[in-house]
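One structure is given below, encoded as structure tokens.
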Amino acid sequence: MELKTLLRTTPRYLNLLAQNGITTIRDFFNYFPRAYEDRANIKPLNQLIFNDKGITATKGKILKKTVFRRGGRMIYDISFEDELGIQGTISIFNSGYLASKLQEGCRYIIVGKPSFKYGKTIFSHPDIVPSSDSGAFEENYNSGRIFPVYSEMNGIKPGWFAKKIWELRDQIPAVFAEYLPEEFLKTFHLLDVQKTILNIHYPESESLKSQAIHRVFFDRLLRVQLFSLMNRQSYQANKKTSSEAQQRGVLKAMLQRLPFELTMAQKKVIKQIIDDFHSGKPMLRLLQGDVGSGKTIVATLAAYYLKQTEQGQTVFLAPLEVLAQQHYQSIAKLLLPLGLRVELLTGSLTKGQKEKIKSDLQQGKIDVIIGTHALLQEGISFQNLQYVIIDEQHKFGVKQRAFFKKFGAPHILQMSATPIPRSMAIAFFGEFDVSIIDELPKGRLPIQTKIISSTEEKKLKPRILEKIRKNQKLFVVTPLIQESESLDEVQSVLHAYEEIQLLYPELEGKIGLLHGKMKPKEKEEAMQNFKSGKTMILVATTVIEVGVDVPEATVMIIKNAERFGLAQLHQLRGRIGRSDLQSYCFLQTPKKSGDSYERLRAMEQTTDGFKLAELDLQNRGSGEILGTMQSGISDIPIEILSDLKFLEQVQAGASWLLQKYPDLEGLPSLQKFLHEKIGDILA
């Protein structure tokens, strides 16, 4: 049956629902409550709970109703006698229509958030439900039960959704059929889908409410897990032929030629990668490590190993052209003396240069090609592509995987400098094995971090000028590109740039500006000027958080630091401390008190990115770590995303299903949903 027939509502409401993706009765039932109120516990007048959060109810008889005005508002004073015979006065504010329906001598249940003022119990916008004269309780959708609270939708009130869902709840069995096997539900202790939908809207008990919520979030994450594992199985169905025995001598010779010693963590990860190379199937590995922990050198050594053992070619993808050039310089410096040819393919090359590189790649004359994701659109081909390295800030999705699959499904290493808590890695990176580099290279000093006020920032000037005289450099980071009415205390980068110029007149011409609205060439020029020393202070937005390497940068001031998440502050801080010089990060904030200040103190206390990521997950949600994801994923609460045991259970559930039902054959509804709805979540 059509939604408009079932809802019996206006075309305007139907249009508003459609604008929010609700066009069928199934969509309507999938609009879940944002919260619940316990309206089951009806209290006498002398036991009402007076606070901002408590929803409570009282039941009794109206003795007398009086109306008067105060400050332009209509107030209804109701003399009320509850079930115990206790009398009192209830005032109802701003609800003339509701109060006008109350009849003297009749019985009602009044539900809302009461307060006590002027010797009276006051309800603002309560729900009022007629009750029987006998005092016996009859079933009402909005009282005497756990009551759902929906988000308002473009003027459609929460109460409208509650009433309509209640009226249509008998339709649930016709709309929802179970799509998971009965054995699976029993094994993982899950409610069936019909009971879940009923109890997510109108829970029969607190226990069933919890079980319904559990099933909803289990299902959402199960689908992501299934999608990840099926993609992994599909990609790894391509067998990789490699020499059975690992050639340790190749790696040993390489390590001996390095001008520094690798950390134990780096050595451990190289072993994991080489084990993958010899596993007989393509590697899918996520490499996590703090900024400056040496991920790139590990990835590059693995490329050298494949060249020596399999004559394999490597692609290195960076998110920005300036980073691709930076990687080219460091990788070429390492590999060219060892006889490997490394090339850079970017949009700034001439057509002739591009064609030459593409031809040499196809003939196997280039061992490592470095570029941005635009490289995928260049129509390139390879003689023997064996390995793809994806630098931070890019989620390696379905389209990219399909592109490389046609070259024989090479090994894939996805690098991330954003520390991802283990629970989040399980939830959203199920197709990848995870490696972690949790040590900084020898000789690196921990960055000293301090929270400062604007006044204290100005007092830093002599110290900063002394650093600049020693050829050290300063980042000044600000959160917004332009002034915002809602964040009027936040300085724009342009305002900060002017301030710094006024504060440091002796550095005229030595202060650079960098923000996301500049043209690519302007950004590159600003970055190159800072790297070369033409400018010594760079005032920038968060565009600098992505991988730029300036070893001489030893000081960072982050303005309005309270506006950033801890994960992002940690990323920004990682732009300094990239040499053996002591580095300092100053977090400027207007107030050294409150929740924001307490959160920033974690930055003073630790440089452990994983600890900070866990705190961010608890304080600000998964968006800080993952960026925006589709609805149904981003609205999963933090207590679920932080629950390692729950996520491991979901992971076990996905493996169980694929073991019993390969490719989900025999589960057509689930199969269809994955193809239609989840296809781009990980893309």
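How many nm is it between the label spots at D360 and E183, if each spot is 7 Å from the Cα in line with the beta carbon?
5.8 nm
Cut-off under 17 Å on the C-alpha distance; same-chain residues fewer than 8 positions from K531 excluded. Which lysines are left, in chain and number order?
Straight-line reach from K531, under 17 Å: K467, K470, K473, K510, K521, K523.
What is the gain in length, in nm to one decimal, between S279 and R12 on full extension, counting 0.36 nm per residue of separation less the C-alpha to C-alpha distance?
On the way: separation 267, 0.36 × 267 = 96.12 nm, distance 5.97 nm.
The S279-R12 span can extend by a further 90.2 nm.
Could you give the nm distance between label points at I86 and Q353, where each point is 7 Å from its Cα heading toward the beta carbon?
Result for the modelled spin labels: 8.4 nm.
Below 9 angstrom from the Cβ of R39, what's the summed charge of the other residues (Lys, Arg +1; Asp, Glu -1)?
With Lys, Arg at +1 and Asp, Glu at -1, the net is -2.
7 Å from Cα along Cα→Cβ at both W160 and H675: what's the point-to-point distance in nm?
3.7 nm
Evaluate E = 1/(1 + (r/R0)^6) for Q605 and S642, where r is the Cβ-Cβ distance and R0 equals 25 Å; express this FRET efficiency to the nearest 0.05.
Details: r = 20 Å, r/R0 = 0.81.
That gives a FRET efficiency of 0.80.
Relative contact order of the chain: what whole-number percent is it, with Cα pairs under 8 angstrom and at least 6 residues apart? Before the final figure, lay out each step's value.
Values: 1149 pairs, mean separation 77.8, N = 683.
For the chain, the relative contact order is 11 percent.
Could the peptides 199-212, 575-588 be put in order, highest first, of the mean number of other beta-carbon atoms found within 10 Å of their residues?
By packing density, highest mean first, the sequence is 575-588, 199-212.
Using P(r) over Cα pairs in 20 Å bins from 0, in percent as the read-out, say which of (1) 15, 38, 32, 13, 2; (2) 12, 26, 27, 17, 9, 6, 3, 1, 0; (3) 18, 49, 27, 6, 0 was calculated from these coordinates.
Computed from the coordinates, P(r) over Cα pairs in 20 Å bins from 0, in percent corresponds to (1).
What FRET efficiency would be calculated for the residue pair R69, Q103, taking the C-beta separation as r and a Förster radius of 25 Å, to the nearest 0.05? Write out the running numbers ahead of the final one.
Working: r = 22 Å, r/R0 = 0.88.
Between R69 and Q103 the formula returns 0.70.
Does anyone have the angle between helix 158-168 and the longest principal axis of the chain? Alpha-carbon axes, 0 to 90°, nearest 10?
80 degrees
Mind giving me the FRET efficiency for Q383 and M264? R0 is 51 Å, r the Cβ-Cβ distance, nearest 0.05 is fine. Each step should come with its number before you reach the end.
Values: r = 36 Å, r/R0 = 0.71.
For Q383 and M264, the calculated efficiency is 0.90.
What order do you get for 462-473, 649-660, 253-264 when each peptide is scored by the mean count of other beta carbon atoms within 10 Å, highest first? Can you show the working numbers first?
On the way: 462-473: 15.0, 649-660: 16.7, 253-264: 12.2.
So the peptides 462-473, 649-660, 253-264, ranked by packing, come out 649-660, 462-473, 253-264.
Going by how many other Cβ atoms sit within 10 Å of their own, how do Y118, Y36 line up, fewest first?
Numbers: Y118 7, Y36 19.
Exposure proxy ranking, most exposed first: Y118, Y36.
Each value in this text was obtained by applying a stated rule to the coordinates, not by laboratory testing. It should be emphasised that the depicted structure is a prediction, and the values quoted were computed from it without experimental measurement. FYI the Cβ positions are ideal-geometry reconstructions off the backbone, even for glycines, and counts take in every protein chain you see.
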